[in-house]
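Take this structure first; my questions come after.
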Amino acid sequence: MIGSTPELMNSIVQLTERLQQLQAQSEAGMTSNDTIHQVKSSIDQLRKTVKEGHDATMSRFKTGQGCLDELRETQAAILDRLDDIKNTQVAT
């Protein structure tokens, strides 16, 4: 099973090369147009899968970045509160 973007991209390259071979064979009358269409469909599907994978990765990245921002804000608020408590204890 193809699972990573580099593997998908490699598959696209291989299918593109195969498509070029088939087109050359077709021009020589050695391959049917159905075979060429199947390879083109496979390439299109792989491209769609790569795009979906990229979009999902970017979405996860943005969500993760948002969580980090929230954690930083919470950390800053806690540190401010600890400073307030420390200052109150020093004052008393």
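The values are calculated or read from the model by the stated rules, or taken from the named source; none is laboratory data. This structure is a prediction, so every number in the text was calculated from the model and none was measured. Every residue, glycine as well, gets a Cβ built from its backbone with ideal geometry; the counts of neighbours run over all protein chains shown.
Quick test for you: out of 34, 55, pick the one residue that is modelled with pLDDT of 85 or more, assigned to a helix (DSSP H, G or I) and either on the phi > 0 side of the Ramachandran plot or not aliphatic (A, V, I, L, M) (or both).
Of 34, 55, the one residue that is modelled with pLDDT of 85 or more, assigned to a helix (DSSP H, G or I) and either on the phi > 0 side of the Ramachandran plot or not aliphatic (A, V, I, L, M) (or both) is 55.
Of all residues being β-branched (Val, Ile, Thr) and exposed (fewer than 14 other Cβ atoms within 10 Å of the Cβ) in the range 22-65, which is nearest to residue 11 (Cα to Cα)? Just the residue, please.
Residue satisfying both the conditions and the ranking: 57.
Follow-up. Would you confirm, using the coordinates I've provided, whether residue 71 is surrounded by 13 or more Cβ atoms within 10 Å (Cβ to Cβ), without any contact (Cβ under 8 Å) to a residue 60 or more places away in the chain and not small (Gly, Ala, Ser)? Spell out the reasoning first.
Details: surrounded by 13 or more Cβ atoms within 10 Å (Cβ to Cβ): no; without any contact (Cβ under 8 Å) to a residue 60 or more places away in the chain: yes; not small (Gly, Ala, Ser): yes.
No: the conditions fail for residue 71.
Looking only at the range 1-31, filter to residues that are outside any helix (DSSP H, G or I) and within 21 Å of the chain's Cα centre (by Cα); which one of those is modelled with the lowest pLDDT? Reasoning before the result, please.
To start, the set of residues in the range 1-31 that are outside any helix (DSSP H, G or I) comprises 1-4, 28-31.
Next, from what is left, pick out any that are within 21 Å of the chain's Cα centre (by Cα): 1-4.
Details: 1: 38, 2: 47, 3: 53, 4: 62.
My answer is 1.
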